[in-house]
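Asks: My questions all concern the structure below.
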Amino acid sequence: MKYANNFDIKWFFPFFQYIIQDSLHAELADVNFEYMLCDIENVNGILGYFITICTQADKYTTEYMDQSIEKYLTSFKKILNEMSEEKFDSYKKSIKKNWDIYCEVARNWNEIMKFEYMFNRFEKKKLALEDIKVDEIRKWFEEHTLNGKNFRKLSIQMAGTVPKKEEVNEESSE
């Protein structure tokens, strides 16, 4: 899929992930979730992002966690709308620095393991990153988040149970 300035969505996603991951911890820091992650995945040609939150079973309900993710997506939209081109450019510089640190051998091995063999992917990513503008990110996010025309949501919730004290005592006495 091509957007304005002819940038390809597959080059955009790692950058989007970098920005959203940065703000995810800042926005949800007061909630004390044990684990928060935004990641991207290409499954059979379908490219998507997902947000994962983990916590103890007795701390929050699954509904609360789902609402927290939706609240975060709403606040992230506001963050994007208020982001200046200067801040956006600082993200670009930062991600380029992270990409430079990632070893060339590891990048090439990853290409082999995925059977994609695009050994110049890194250079293409860097070039594509130069063309991305904050308005394009805003437009894409508007289309692919709550109430957006391309938004699809799959919510998978796994909830554990807290053992009762009697059960714990019985197991320890055996």
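Asks: Tell me which residues, restricted to region 48-72, are among the polar types (S, T, N, Q) and outside any helix (DSSP H, G or I).
Replies: Quick first cut of region 48-72, residues among the polar types (S, T, N, Q) only: 52, 55-56, 61-62, 67-68.
Selection gives Thr52, Thr55, Gln56, Thr61.
Asks: Next question, about the same structure. Is at least one residue of region 73-91 without any contact (Cβ under 8 Å) to a residue 24 or more places away in the chain, assigned to a helix (DSSP H, G or I) and hydroxyl-bearing (Ser, Thr, Tyr)?
Replies: Yes, some residue in region 73-91 is without any contact (Cβ under 8 Å) to a residue 24 or more places away in the chain, assigned to a helix (DSSP H, G or I) and hydroxyl-bearing (Ser, Thr, Tyr).
Asks: Right, something else. For region 27-43, which residues satisfy the criterion of being in contact (Cβ under 8 Å) with a residue 24 or more places away in the chain, closer than 15 Å to Leu73 by Cα and touching a strand residue (DSSP E or B) at 6+ places or on another chain (Cβ under 7 Å)?
Replies: The one that is in contact (Cβ under 8 Å) with a residue 24 or more places away in the chain, closer than 15 Å to Leu73 by Cα and touching a strand residue (DSSP E or B) at 6+ places or on another chain (Cβ under 7 Å): Leu28.
Asks: Could I ask something else about it? Just to verify a result, which residue in region 78-127, among those that are β-branched (Val, Ile, Thr) and at pLDDT 85 or above, is nearest to Phe16 (Cα to Cα)?
Replies: Ile79
Asks: Return the residues of region 105-120 that are closer than 16 Å to Asn42 by Cα and in a helix (DSSP H, G or I); say none if nothing qualifies.
Replies: Selection gives Asn110, Glu111, Met113.
Asks: Yes or no: region 67-86 includes at least one residue that is closer than 21 Å to Asp30 by Cβ, among the small types (Gly, Ala, Ser) and either surrounded by 12 or more Cβ atoms within 10 Å (Cβ to Cβ) or touching a strand residue (DSSP E or B) at 6+ places or on another chain (Cβ under 6 Å) (or both).
Replies: yes
Asks: The conditions are (1) within 20 Å of Gln17 (Cα to Cα); (2) surrounded by 14 or more Cβ atoms within 10 Å (Cβ to Cβ); (3) not acidic (Asp, Glu), and Thr55 fails exactly one of them. Which is it?
Replies: Result: Thr55 passes all but (1).
The values are calculated or read from the model by the stated rules, or taken from the named source; none is laboratory data. Quantities reported herein were computed from a predicted structural model and do not represent experimental measurements. Here the Cβ is made from the backbone with ideal geometry for all residues, glycine too, and neighbour counts use every protein chain on show.
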